[in-house]
Structure formats: structure tokens, C-alpha cells
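None of the figures in this text is laboratory data; all of them are computed from the coordinates on show. No experiment lies behind these values; they were computed from the predicted model shown. Using ideal geometry, Cβ is built from the backbone for each residue, glycine included, and neighbour counts are taken over all protein chains shown.
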Amino acid sequence: MHKFDRDDEFLAEELLGYAMARMRRDPPPLDHSETLEVLNERAGISITPEGVGSNAAFFTFATVLAKACISVDHPRFFAFVPGAPSDASVLFDLVVSASNIYGGSWLEGSGVVYAENEALRWIADIAGFPAEAGGVFVSGGTAGNLSALIAARHRWRERANGKHDQTRGLMIAAYSAHSSVVQAARVMDCDVVRVPYEKYGILTADGLRETLSGLSEFDCDRVFAVVSSGGSTNAGLVDELGQIADVCTEHGVWHHVDGAYGCAALASHKKRSFFSGIERADSFIVDPHKWLFGPFDCCALIYRDPAVAKRAHTQHASYLDVLHDEGDAEWNPSDYAHHLSRRARGLPVWFSLATYGTNAYSDAVDVTLEVTLAGADRIRDAEHLELILEPELSILLFRRKGWDEKQYDAWCDQMLKRGKAFITPTKWEGDTVLRLCIVNPRTTIEDIEMIIQELA
Ligand SMILES: *Cc1c(COP(=O)(O)O)cnc(C)c1O
């Protein structure tokens, strides 16, 4: 198992060959999931006391298991938020695995921590965060939001000098906030107040003010964070970040911007103004595995003042004390989120940014924004469709006139079965509608025209 021999040489060639062949496919096969019954029958059992051997296991993977996974990087994967990792990032992910680097501490991984921090710095720069800002790459937006909110609560309690050590915290978020925000509140055992629905469900400064003034004095004291959205998942709408920042400053409340999907557009030449005010937030996240061309799983979490995050998250134990003797250079990624051991998952992002340059990132985001705008034009012009919103970012929401929920479901199912596209319906103001999320620079206007035709 641990002696790299001739068999391993063959295996390496086979696996690297497979990886390369998968990368060359343009487009990759869309594929679709299978039932448990089918997988039981076709894949069966691979793990046995003696082992089935790499040939048999790999055959099962290549012929059954891989085909039962939808290719998120297919140009017509429009559901949820897809991903489109750059070639350099995918290849470097192989190197990260082969090197088995521990990315949790400066002591063990100073080199990769340095590189990850360079990538985080670029992300902080496009948001306009100050030089002292910093953070860590975590597994995803869910982990990023939770970790940021834990730091926010920590600061609230610190500032209260013991008065709130036993008080249940409260956070404020819009109805359009991502499900992971509510989940974070559940995990942290605190409350969420949702700001009443207005203007497409985005969080507005007026709505926030009204909500705050409707709270009792005691509840107002319990507010430790306002979570706004740097691009809602359902509609791609950005909250009023600047004015929300003002309200947060007035109330001395932590402002966290959830930009898991949308904050990638900070890299765009065209969209920066949508986010104005984000530079005054206390923390924000963006997922490179969504719209910043990195492989799963990767979320950049950035704090304005990393010191408070460090106080909130650092684990203390006799066997860990040595991690905190590294002097000025010391930067332990484990100190900035709810985790300890970690993969250096920001390294593929660093390598890709270094390879192509940041301009290539801006251009690639702009390509997806242009396709989205062209798609909106085509949908507006189509007799059988109704565009619901002018897209702010890269999400198209529209109706197929005259269809009910069942018809949407049936159409989406057959599009996937026929290998055409992966689209899932969503809800807009109570109605079932269609949603396309475009983050893949390989997606073309012809792909969207094909969808429009299929809907006729
Ligand atoms: C996707 C998303 C999340 C969750 O991110 P994961 O990486 O899936 O955990 C959180 N917030 C928003 C706005 C998202 O779009």
C-alpha cells in the first residue's frame, strides 16, 4: 500500500490518462443520476476483506459511478449554481492531493499558507478590503457563513464585557438570504429575524431600519450581525450593501455579506458598482467553486479584522500550543474558521490565478455576463416566454406562458434524460418558473437559444 511500485506506475498512467481524457471532452457528457436499485445492480460491492483490485474498482468508477453523476461543468448545466474550474486549477488539484499538504498551520504548511493568502489578498482587493484583512479558504458557503457569524457573535459578546455571555444572540437577514444562514443560526442556537419582504425580497436599508426599530430594547441589544446578500441564489440580486453598511455602523453591528455565488462579479469590469459599500463590511464570502473557476470544494472567507476571528476560532490544547510560537509570520488558517485539519483547497485557485493572471478572470466573468444579457434579450423576444427580471448578475428567471408546475417538472426531466440540459424549476412570488444560472464561459448564446426552442 505504501511502496510505489510498477503496479502503481501503471495505475498512475491509467488514472492520469482518464483525468486528461475527461478534461479534453468539450463538452463533457451531461450524464444523470441513477436509482439506488440500478447502482446496487451495476456497481454492487467493491469493498471486501481481500480488495477487488484497482482494475475492477476503477472499471466500476469509470463505467458506472462517474456516469451516475451530472457534470456540473457541462455548458448546459444551468441548475443551482454550476461550476467551471479552469484547466490549471483542475490539474493543480491533482498536485495538491499527491503532495498531501497539511493546510491548517504555518508551522506545517507555511509555503501553501503563503500562496493561499496571496489568492485571498486578491479577493480582498477586488472587494476593496483594507490591508489588514485576511481569512481562510473553507469547504463552502455554508461553512463560510457559519464561521463568519461565529466571529460576529464573539465580537458582540466581547464588547458587552460579560453582560451577554448568557444572552441568546439574534441575527437579521432578508427572506432571500440563503438557507445556510438560517442553518447557521440553528447550529449556533440563536435567533434570526427576517426583514419583511419588499422589492423582490432583497434586503433594503429602509427595511432593516424598520426591523431594528420594531425590536424591543432588549432584542436590539441581542443583534450581533446583519447578513446581506452579494447576489441572491434564486434571482442573482444584490442587496443595498452601502446603505446597509451605514445602518450597521450606526448600530455597531457586524455586517456580513454572503457572496458565495455573486461576489465573483467583483472581478468583472462592469459590475463593481452593484457592490459598492461591500468594502465597509466586516466579513464576506465568495465560493471559487461556483463562479471563480476553481474545483470543489472552496469558499474564500475574508474578515476586515482577522484578530477577532482568531479569538473566536482558535483551538487551545497543550498539543497545539506549539502552533502559536511562530512570531510575526504566523498565520494559522485553522484559527479563522470552524475547523482544524484542512486541505490546502485554495492552492488550485492560487495556481490558476498565477497562471492566467487576474485579467483573464475578469474577462471570463464578463463573458458569462454578456451571454446572460444576450439570453435575456432572446427570452424577451420569444412569444412563448416571459422574462421576469432584468438580470443583475448571471441568473435568468422566466416563465413559459401557460405552463403549470407539472409541465415544468416534466420538461426539465426529459431535458436531462435526453442529455440536453440540466435545469430545475424554482419559485418566484409563489409561481413555478424557470431559472438558468450561467457561470461557465463555455456556455454560449446558442446553448440558450436551444433551450428557448425546446420550450416552444
Ligand atoms: C451556494 C450558496 C451558499 C452555500 O454555499 P455552499 O458552498 O453550497 O455551502 C450560501 N450562500 C449563497 C448566496 C449561495 O449561493
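Report the percentage of all Cα-Cα pairs in the chain whose separation exceeds 38 Å, rounded to a whole percent. Result: 29 percent of Cα pairs exceed 38 Å. In a reduced charge model with +1 at each Lys and Arg Cβ and -1 at each Asp and Glu Cβ, the range 344-413 shows a dipole moment near 200 debye about its Cα centre.
In the chain, taking the dipole from charged Cβ atoms about the Cα centre, the farthest positive-side position among Thr249, Ala79, Asn100 is held by Ala79. Considering all different alpha carbon pairs of the range 304-456, the Kirkwood hydrodynamic radius works out to 19.4 Å.
Checking every one of the GluC sites (Glu not before Pro) in the range 326-374 against DSSP loop status and a limit of 15 other Cβ atoms within 10 Å picks out Glu326, Glu330.
Distance between the 7 Å Cα→Cβ label points at Asp191 and Tyr114: 5.0 nm. Remark: Thr48, Thr233, Thr211 ranked as Thr48, Thr211, Thr233, counting other beta-carbon atoms within 10 Å and listing the fewest first.
In plain terms, the chain from Val64 to Glu50 could stretch by 2.9 nm, reckoned as 0.36 nm per residue minus the Cα-Cα distance. Ordering of 153-160, 349-356 by packing is 349-356, 153-160, highest average first (other Cβ atoms within 10 Å, averaged per residue). Helices in the chain that qualify as membrane-span-like (whole DSSP H runs, Cα extent of at least 20 Å along the helix axis, mean Kyte-Doolittle hydropathy of 0.0 or higher) are 106-127. Taken along the Cα-to-beta-carbon direction at a fixed 7 Å, the label points for Leu373 and Ser99 span 3.9 nm.
Summary of packing: across the peptides 95-101, 302-308, the per-residue average of other C-beta atoms within 10 Å ranks them, highest first, as 302-308, 95-101. Multiplying the residue separation of Leu39 and Ala307 by 0.36 nm and subtracting their alpha-carbon distance yields 91.6 nm. Judged by the mean number of other Cβ atoms found within 10 Å, the most tightly packed of the peptides 246-255, 77-86 leads the ranking 77-86, 246-255. Rounded to the nearest 500, the 222 nm mean residue ellipticity of the chain from helices alone is -13000 deg cm²/dmol, with -39,500 (n - 2.57) taken per DSSP H run of at least 4 residues. Any idea how far the Cα center of the range 154-193 sits from the one of the range 212-242, in Å? Between the Cα centres of the range 154-193 and the range 212-242 lies a distance of 11 Å. The range 65-137 and the range 428-456 have Cα centres separated by 27 Å. For the pair His32 and Ile445, label points projected 7 Å from Cα toward Cβ lie 3.0 nm apart.
Full extension of the chain segment joining Ala317 with Lys401 gains 24.1 nm, where the gain is 0.36 nm per residue of separation less the Cα-Cα distance.
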